[in-house]
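Enquirer: Take a look at the following structure, please.
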Amino acid sequence: MLADQAGLHSAPLRGGYPQAVRRDPGRRRARFFDSYVTDLVTRDVQQISGIERPAEMRRLLNVVAARMGTLAVAQSMAKDIALPRRTLSRYLDLLELIFVIKRIPGLVIEPDHARDIGAQTDRH
């Protein structure tokens, strides 16, 4: 049972692509992901948009991956990879279009609704 739990905890870190899971951790797996990102940028993104600087898109992918699950502020990302804000926005649109990212808007609770939510929580 303990071995199964360890496998469950390490599975998300390995990645879910069958080609990646079958490879031993380390260089072979890293080469697979590097190749995947290269194909993504040079083939998929190029077919849709014909971006002129694929290296910028690759840097953006690295920044997006590093900020996975956190608040991703576009202005901060643009500064980190020295991209104009409009270019960053266009690149993020492309990544969303090819299903690499999914932008989720932040939760904003209006003051009147916050009181209602608190009241609902107290009852349960």
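The values are calculated or read from the model by the stated rules, or taken from the named source; none is laboratory data. In this text the structure is predicted, and so the values were computed from the model without any measurement. Positions of Cβ are generated from backbone atoms using ideal geometry, with glycine treated the same way; all protein chains shown enter the neighbour counts.
Enquirer: Output the residues belonging to region 65-97 that are under 20 Å from Thr38 (Cα atoms) and modelled with pLDDT of 90 or more.
Expert: Ile81, Leu83, Thr87, Leu88, Arg90, Tyr91, Leu92, Asp93, Leu94, Leu95, Glu96, Leu97, listed by residue number.
Enquirer: Keeping to region 48-89, report how many residues are within 12 Å of the chain's Cα centre (by Cα) and surrounded by fewer than 16 Cβ atoms within 10 Å (Cβ to Cβ).
Expert: 8
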